[in-house]
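Notes to accompany the following structure.
The values are calculated or read from the model by the stated rules, or taken from the named source; none is laboratory data. In this text the structure is predicted, and so the values were computed from the model without any measurement. Positions of Cβ are generated from backbone atoms using ideal geometry, with glycine treated the same way; all protein chains shown enter the neighbour counts. Accessible surface is based on the protein model in full, side chains and every heavy atom, while ligands, DNA and RNA are left aside. Shrake-Rupley method; radii C 1.70, N 1.55, O 1.52, S 1.80 Å.
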Amino acid sequence: MLFFIFGLFLGSLLNNIAYRLVRGENFVIGSSKCDYCQKKLNWYELIPILSYIIQKGQCRNCKTKISFRYPLTELISGLFAYKIAEKTLLLNAFNLTNFIYFLYFLFIVSLLLILALYDLETFYIEERIIYFAIIFWLIFIISFDYVNFPHVNFADSFNYLIYLPQTNIKEYAFNRLYFGYLLALGIVIIFLLTLGKGIGLGDAKILFILGLYFNFGDIILTLVFSIIIGGIFSLFILFKKRKTKQSIPF
């Protein structure tokens, strides 16, 4: 439960970072404020999910409706934090090894959530986050010996359908780069075949990052869920808004 609560507050922070990145604001300093009336928010207005429910989804000052994306992101972040703690065995044994691996995956998931929120508003990928993720991955594989860490599978047995041996740090790094380039190449091919109308090159960058951090089976499962969610959203646009030509963030 503590990891879930921690994830809720992390989600609130990620919302704030994404919001300020889109608007070119400094996300390190400065107080949170209402998107509309610009009133600075008090601490009791920033409690994840609870504040949204108590305030009935609107600003206490100007009564403008607050986007549902904020509590939804907090909830997703909370669930991710709990699941990562479970998969890295941190719930069973709190030790330095498990804690480092927990932070490793929580870090990349946090970056991916920021990218998703940024993409949702702008339909672009913030490349500085991509570079940051690559640098962090390089620091990790240089600083830590992979054989000292557990093989974390988020998709469980699905990963063994496509598996390459990785008994040392060189094999681990090679496999991750191989998966990353292979996945990115698939997106580039789709981009070329559809003349840029079917998918954006930003998705190739994200899949490259996914290849660096996750097993191939985890990524395939992620793509399946992404397609399903994108399909549901597309059907909503088609039947609710009667639009057949509208881009959606993948």
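Lys and Arg at +1, Asp and Glu at -1: add these up for the other residues within a Cβ distance under 15 Å of Ile114 and post the number.
-1
Between the helical axis of 202-213 and the dominant principal axis of the chain, each derived from Cα atoms, what acute angle in degrees is found, rounded to the nearest 10?
50
In Å², and per residue, what accessible area does the chain have when probed at 1.4 Å with the other protein chains present?
Heavy-atom SASA per residue in the chain reads 59 Å².
Ranked highest first by the average count of other Cβ atoms within 10 Å around their residues, in what order do 58-65, 124-131 fall?
124-131, 58-65
Please report, in debye to the nearest 20, how large the charge dipole of the chain is about its Cα centre when each Lys and Arg carries +1 at its beta carbon and each Asp and Glu carries -1 there.
1220
Dividing the Cα convex hull volume of the range 9-154 by residue count, how many Å³ per residue is that?
Considering the Cα atoms of the range 9-154, their hull volume per residue is 133 Å³.
Net charge near Val28: determine it from the other residues with C-beta under 15 Å of the C-beta of Val28, scoring Lys and Arg +1 and Asp and Glu -1.
Taking every Cβ under 15 Å from that of Val28, the sum is +2.
Residue farthest toward the positive end of the dipole of the range 53-124, with Cβ of Lys/Arg at +1 and Asp/Glu at -1: which of Ile108, Leu72, Cys59?
Farthest along the dipole direction, towards plus: Cys59.
Let me check I've understood the local charge: for Leu75, count other residues with C-beta under 15 angstrom from its C-beta, Lys and Arg +1, Asp and Glu -1. What total comes out?
Net charge around Leu75: +1.
Counting pairs of alpha carbon atoms under 8 Å apart in space and at least six apart in sequence, what relative contact order in percent does the range 31-149 give?
That works out to 14 percent.
Calculate the dipole size of the range 1-70 relative to its Cα centre from +1 charges on Lys and Arg beta carbons and -1 charges on Asp and Glu beta carbons; express the result in debye to the nearest 20.
The calculated dipole for the range 1-70 is roughly 280 debye.
From the residues Phe27, Leu41, Val188, which one has its Cα farthest along the dipole of the chain in the positive direction, the dipole being from +1 and -1 charges on Cβ of Lys/Arg and Asp/Glu about the Cα centre?
It is Leu41, whose Cα lies furthest towards the positive end.
Rounded to the nearest 20 debye, what is the charge dipole size of the range 1-133 about its Cα centre when +1 sits on each Lys and Arg Cβ and -1 on each Asp and Glu Cβ?
Computed about the Cα centre, the dipole is about 500 debye.
Which of the GluC sites (Glu not before Pro) found in the range 1-97 are in a DSSP loop and have at most 16 neighbouring Cβ atoms, other than their own, within 10 Å?
Glu25
Once every DSSP H run of n ≥ 4 in the chain is given -39500 (n - 2.57) and the sum is divided by its residues, what mean residue ellipticity at 222 nm do you get, rounded to the nearest 500 deg cm²/dmol?
Computed ellipticity for the chain at 222 nm equals -20000 deg cm²/dmol.
What translational diffusion coefficient, to the nearest whole µm²/s, does the chain have by Stokes-Einstein, given a Kirkwood radius computed over alpha-carbon pairs, a temperature of 37 °C and 0.692 mPa s viscosity?
Result for D is 165 µm²/s.
What pairs from Lys33/Lys65; Lys40/Lys83; Lys40/Lys65; Lys39/Lys65 go past 22 Å between their alpha carbons?
Over 22 Å apart, Cα to Cα: Lys40/Lys83.
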